[in-house]
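Each remark here refers to the structure printed beneath this line.
The values are calculated or read from the model by the stated rules, or taken from the named source; none is laboratory data. Since this is a predicted model, take the numbers as computed values, not measurements. Please note: Cβ atoms are built from the backbone with ideal geometry, for glycine as well, and neighbour counts cover all protein chains shown.
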Amino acid sequence: MNDPHDSSIDALLRRGFEGPVADDGFSDRVMRQLPARRRPLRWQLPVCMLAGLGACLWSLSSAPLIRVGWQDWMRGSLSPEAVTMMLVLTGMSLLVSWWALTENE
């Protein structure tokens, strides 16, 4: 997002700026030597989401509440532990998805 004060700062700088600074072509040489901008890779978001889900499952695998919830969910029973487990996993995967999206921009 752009800062709302950017336009006023930009106008102030333009009023006091008389043109390019003479640098004997230094800026042009530096800009020519910079590598081309890379395009974002489309596989990063799904891989980060799966990695985040795996990390969530691994970190929560030793919690008894999650273990009981998983067992109840596999049996088809919607116990409070199973609902808690689903909410925790959903929240953590959404958090990782949000992080991946912000990093991808």
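For residues that are surrounded by 11 or more Cβ atoms within 10 Å (Cβ to Cβ) and charged (D, E, K, R), scanning just the range 68-105, find the one that is nearest to the chain's Cα centre (by Cα).
Glu103
Of the conditions (1) modelled with pLDDT under 85; (2) part of a helix (DSSP H, G or I), Pro20 fails just one. Which one is it?
(2)
Going through Leu41, Leu65 one at a time, which residue ends up being surrounded by fewer than 10 Cβ atoms within 10 Å (Cβ to Cβ), under 30 Å from Leu95 (Cα atoms) and at pLDDT below 80? Please lay out each step first, then the result.
Values: Leu65 fails: surrounded by fewer than 10 Cβ atoms within 10 Å (Cβ to Cβ).
Answer to the check: Leu41.
Closer than 30 Å to Trp98 by Cα and not in a helix (DSSP H, G or I): is that true of Pro35 in this structure?
Numbers: closer than 30 Å to Trp98 by Cα: yes; not in a helix (DSSP H, G or I): yes.
Taking the combined requirement at face value, the residue satisfies it.
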